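Since the structure comes first, as structure tokens, the remarks are kept for the end.
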Amino acid sequence: ETGVTQTPRHLVMGMTNKKSLKCEQHLGHNAMYWYKQSAKKPLELMFVYSLEERVENNSVPSRFSPECPNSSHLFLHLHTLQPEDSALYLCASSQSGGAEEKLFFGSGTQLSVL
Amino acid sequence: AQKVTQAQTEISVVEKEDVTLDCVYETRDTTYYLFWYKQPPSGELVFLIRRNSFDEQNEISGRYSWNFQKSTSSFNFTITASQVVDSAVYFCALSEAENTGFQKLVFGTGTRLLVSP
């Protein structure tokens with residue numbers, strides 16, 4: 001059973017394109033997260049939504065725009081990206097927001113910006 | 001400030017060897033949680049274990065074992081009799097109890113484990 005599903009798995013886009021990443025969780029969780037994974041760097045937390053409200057925005061450039069229409073869905077809208085934005089973008093969810101919470105991850109979207 | 005260091009970038013072993021993945025952390029909190037996640041080639045991080053700062057008891061789960069030592073701020077992970085399916089990137093992570101509202105994990109850079117037949 002795949003608790004957290006991300007689409008697409010791979011995305012290639014030009015710097016002038018607009019695209020969106022989608023994440024859906026089937027676990028009944030209340031919190032959802034976007035992480036960026038670049039080579040040889042720790043996972044970077046980008047955005048957090050708790051009960052559909054954005055509770056964290058980690059100094060992410062405005063060319064990344066998150067959206068959480070309900071507790072099961074999370075989007076990351078992309079526009080005018082830069083080549084350095086190429087990375088694996090991971091979505092995760094947790095039951096609630098405590099420090100002891102386990103995160104459940106999707107398989108990620110491998111993004112290449114040309 | 002929180003920090004997690006995984007000094008081993010990549011480890012290669014032959015099947016059936018034992019291997020230990022090191023994790024050293026820094027935190028000013030007295031209450032915190034430590035985690036290990038596995039990232040296979042498919043991409044998703046899979047939760048392996050969670051430890052709170054008051055529980056220094058080592059844990060064994062099948063071929064996996066974890067050694068938590070507050071005195072050295074380490075939370076090392078050992079795989080006994082490694083198998084090819086253990087090949088993955090392993091992440092250690094830290095969360096401070098003062099975090100409220102959402103899970104704010106600080107991850108290490110990961111250790112890539114390659115197990116050859």
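Would you check if A:N57 is within 13 Å of chain B (Cβ to nearest Cβ), in contact with a Leu (Cβ under 8 Å, 6 or more places away or on another chain) and open to solvent by 30 Å² or more (accessible area, probe 1.4 Å)?
no
Examine region B:10-20 for a residue that is open to solvent by 30 Å² or more (accessible area, probe 1.4 Å), at pLDDT 95 or above and in contact with a Phe, Trp or Tyr (Cβ under 8 Å, 6 or more places away or on another chain), and state whether such a residue exists.
Yes: region B:10-20 contains one or more residues that are open to solvent by 30 Å² or more (accessible area, probe 1.4 Å), at pLDDT 95 or above and in contact with a Phe, Trp or Tyr (Cβ under 8 Å, 6 or more places away or on another chain).
Could you please give the count of residues in region B:1-21 that are more than 12 Å from B:L113 (Cβ to Cβ) and within 13 Å of the chain's Cα centre (by Cα)?
Count: 3.
Rundown of residues vs (1) within 7 Å of chain A (Cβ to nearest Cβ); (2) within 20 Å of B:T5 (Cα to Cα); (3) part of a loop (DSSP other than H, G, I, E, B), yes/no style:
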{"position": "B:K38", "(1), (2), (3)": "no, yes, no"}
{"position": "B:S42", "(1), (2), (3)": "yes, no, yes"}
{"position": "B:R50", "(1), (2), (3)": "yes, yes, no"}
{"position": "B:D55", "(1), (2), (3)": "no, no, yes"}
{"position": "B:N67", "(1), (2), (3)": "no, yes, no"}
{"position": "B:S71", "(1), (2), (3)": "no, yes, no"}
{"position": "B:S82", "(1), (2), (3)": "no, no, yes"}
{"position": "B:L94", "(1), (2), (3)": "no, yes, no"}
{"position": "B:V115", "(1), (2), (3)": "no, no, no"}
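With the requirement that a residue be of a type outside the set (G, A, S) and either open to solvent by 20 Å² or more (accessible area, probe 1.4 Å) or at the interface with another protein chain (Cβ under 7 Å from one of its Cβ atoms) (or both), what does region A:24-44 give you? Steps first, please.
The first filter runs over region A:24-44 and keeps only residues of a type outside the set (G, A, S), leaving A:24-27, A:29-30, A:32-37, A:40-44.
Once the filter is applied, which keeps residues that are of a type outside the set (G, A, S) and either open to solvent by 20 Å² or more (accessible area, probe 1.4 Å) or at the interface with another protein chain (Cβ under 7 Å from one of its Cβ atoms) (or both), region A:24-44 yields A:E24, A:H26, A:L27, A:N30, A:K36, A:Q37, A:K40, A:K41, A:P42, A:L43, A:E44.
When you check A:E67 against the structure, is it farther than 26 Å from B:V46 by Cβ, open to solvent by 10 Å² or more (accessible area, probe 1.4 Å) and among the charged types (D, E, K, R), yes or no?
It is true that A:E67 is farther than 26 Å from B:V46 by Cβ, open to solvent by 10 Å² or more (accessible area, probe 1.4 Å) and among the charged types (D, E, K, R).
Looking only at region A:76-114, how many residues end up being more than 14 Å from A:H29 (Cβ to Cβ), touching a residue at least 24 places away in the same chain (Cβ under 8 Å) and within 14 Å of chain B (Cβ to nearest Cβ)?
Number satisfying all stated conditions: 9.
Just name the residue that is nearest to A:S107 (Cα to Cα) out of those in region B:59-117 that are among the β-branched types (V, I, T) and touching a helix residue (DSSP H, G or I) at 6+ places or on another chain (Cβ under 9 Å). Lay out the reasoning, then the answer.
In the first step, residues of region B:59-117 are kept if they are among the β-branched types (V, I, T); the result is B:60, B:72, B:78-80, B:84-85, B:89, B:100, B:106, B:109, B:111, B:115.
Add one more test, that the residue is touching a helix residue (DSSP H, G or I) at 6+ places or on another chain (Cβ under 9 Å), and what stays is B:79, B:115.
Details: B:I79: 24, B:V115: 22 Å.
Out of the qualifying residues, it is B:V115.
Does region B:32-47 contain at least one residue that is modelled with pLDDT under 95, crowded, with 17+ Cβ neighbours inside 10 Å and among the acidic types (D, E)?
Within region B:32-47 (the criterion being modelled with pLDDT under 95, crowded, with 17+ Cβ neighbours inside 10 Å and among the acidic types (D, E)), the answer is yes, since at least one residue qualifies.
Of all residues in region B:91-104, which are open to solvent by less than 10 Å² (accessible area, probe 1.4 Å) and under 13 Å from B:R51 (Cα atoms)?
Result: B:C92, B:A93, B:L94, B:S95.
Which of the residues that make up region B:21-31 are in contact with an Asp or Glu (Cβ under 9 Å, 6 or more places away or on another chain) and surrounded by fewer than 17 Cβ atoms within 10 Å (Cβ to Cβ)?
Across region B:21-31, the qualifying residues are B:R28, B:D29, B:T31.
Results for (1) crowded, with 19+ Cβ neighbours inside 10 Å; (2) over 14 Å from A:F47 (Cβ atoms); (3) touching a helix residue (DSSP H, G or I) at 6+ places or on another chain (Cβ under 6 Å), shown as yes or no for each residue.
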position: A:F75; (1), (2), (3): no, no, no
position: A:P83; (1), (2), (3): no, yes, no
position: A:L90; (1), (2), (3): yes, no, no
position: A:E100; (1), (2), (3): no, yes, no
position: A:S112; (1), (2), (3): no, yes, no
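Are any of the residues in region B:49-69 closer than 16 Å to B:T111 by Cα and open to solvent by 60 Å² or more (accessible area, probe 1.4 Å)?
Taking every residue of region B:49-69 in turn, none turns out to be closer than 16 Å to B:T111 by Cα and open to solvent by 60 Å² or more (accessible area, probe 1.4 Å).
The values are calculated or read from the model by the stated rules, or taken from the named source; none is laboratory data. Computed from a predicted structure; not experimentally measured. Neighbour counts are summed over all protein chains in view; Cβ atoms, including those assigned to glycine, are modelled from backbone coordinates with ideal geometry. Accessible surface is based on the protein model in full, side chains and every heavy atom, while ligands, DNA and RNA are left aside. Shrake-Rupley method; radii C 1.70, N 1.55, O 1.52, S 1.80 Å.
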